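Below is one structure, written out as structure tokens; the observations come after it.
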Amino acid sequence: MDTVTTNAAVRERVRRWRAGGARIAFVPTMGNLHSGHISLIEAARRGAARFVASIFVNPMQFGPNEDFAHYPRTASQDAEMLAAAGCDLMFMPDAQEIYPDGLERATRVEVPELSRILCGQFRPGHFEGVTTVVAKLFNIVAPDIAVFGEKDFQQLTIIRRMVADMCYPIEIVAAPTVREADGLAMSSRNQYLTAAERRIAPRLYGALQGAVRRLAALDRDFAAIERAGRLEPEAAGMQSEYFAIRAARTLGAPQDSAQELVVLAAARLGKARLIDNLKVP
Ligand code: PAF
């Protein structure tokens with residue numbers, strides 16, 4: 001695996017591969033890789049001959065009081081994991097490479113509406129930062145496929161929308177959420193949890209499972225299910241941000257019984273903000 005830090009070096013490498021007829025897969029990450037990322041990488045490797053991963057802690061997607069400065073940065077460990085997973089190229093740009101004129105004056109890409117609901121209500125500007133950096137990375141890497149985790153279901157939905165609206169010739173592949181043995185969705189931010197909080201954290205998944213059981217049994221009292229879903233993490237000591245039943249394709253309020261549903265939740269626990277979701281089978 002080679003490591004490069006400039007846009008030009010990525011483009012040069014990808015140009016050569018493409019000239020040789022290879023399909024290119026891409027997984028954008030912020031590093032601090034765990035088994036959840038490895039499942040993204042495995043999905044990427046199945047779809048293409050060459051695989052590029054980026055590691056960039058994107059300042060534009062962090063709010064002023066969020067954890068940008070403390071976000072875990074583990075470059076050499078990440079490089080080992082990527083090499084072991086069969087990555088061909090690791091792209092580790094610095095902020096100057098991605099935002100040469102700084103953040104303030106940078107062109108931004110935004111998917112309206114979808115970016116302002118659910119997590120967007122609690123993290124204003126977050127998804128605009130995500131779509132801006134992902135659009136830039138897509139323009140630099142120009143992959144055939146790109147893989148995103150279902151754990152960040154809203155992010156995945158927004159990226160799909162951006163790709164459709166901006167006519168990117170990129171197939172977006174969704175990789176299922178990877179969970180710890182007790183059900184907690186894997187996330188780099190789980191390491192902010194104390195031992196006591198870590199024992200409580202799976203209760204968010206428990207609440208989602210409870211809601212999905214009711215919906216699968218054709219209970220359609222959405223308001224009551226959402227209320228119960230918020231109460232369960234609260235009772236465990238979390239601060240619930242939202243617990244919402246939505247149409248899986250649009251993230252809008254469910255309109256008819258034929259729509260696939262997803263239940264999404266976010267809650268704060270100590271220094272961590274947990275998000276998770278489950279589709280209704
Ligand atoms: O999901 C993430 O790790 C980030 O939001 C992403 C997609 C790498 C953009 O910075």
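Only the coordinates and a few stated rules stand behind these numbers; no lab work does. Keep in mind it's a predicted model, so treat the numbers as computed, not measured. All Cβ positions, glycine included, derive from the backbone under ideal geometry; neighbour counts span all protein chains shown.
Considered as a group, the residues in the range 138-156 that are over 10 Å from the mean Cα position of the chain (by Cα) and buried (at least 19 other Cβ atoms within 10 Å of the Cβ) include one that is nearest to the ligand (Cβ to nearest atom), and that residue is Ala146.
Taking the options Arg161, Arg199, name whichever one is without any contact (Cβ under 8 Å) to a residue 40 or more places away in the chain and either at negative phi or within 21 Å of the chain's Cα centre (by Cα) (or both). When all the criteria are applied, what remains is Arg199. Taking the criterion of being in a loop (DSSP other than H, G, I, E, B) and surrounded by 13 or more Cβ atoms within 10 Å (Cβ to Cβ), the residues of the range 87-107 that qualify are Cys87, Asp88, Met92, Pro93, Tyr99, Leu103, Ala106. A single entry from Arg199, Arg214, Arg227, Arg220 fulfils the requirement of being surrounded by 19 or more Cβ atoms within 10 Å (Cβ to Cβ) and farther than 20 Å from His37 by Cβ: Arg214.
Comparison of Thr177, Thr132 shows that the only residue that is surrounded by 14 or more Cβ atoms within 10 Å (Cβ to Cβ), touching a residue at least 24 places away in the same chain (Cβ under 8 Å) and within 12 Å of the ligand (Cβ to nearest atom) is Thr132. As a summary of the residue check, Asp152 satisfies the conditions (1) within 22 Å of Gly36 (Cα to Cα); (2) touching a Leu at 6+ places or on another chain (Cβ under 8 Å) except for the one numbered (2).
Across the range 245-281, the number of residues qualifying as in a loop (DSSP other than H, G, I, E, B) and either out of contact with any Lys or Arg (no Cβ under 7 Å at 6 or more places or on another chain) or farther than 22 Å from Val178 by Cβ (or both) comes to 15.
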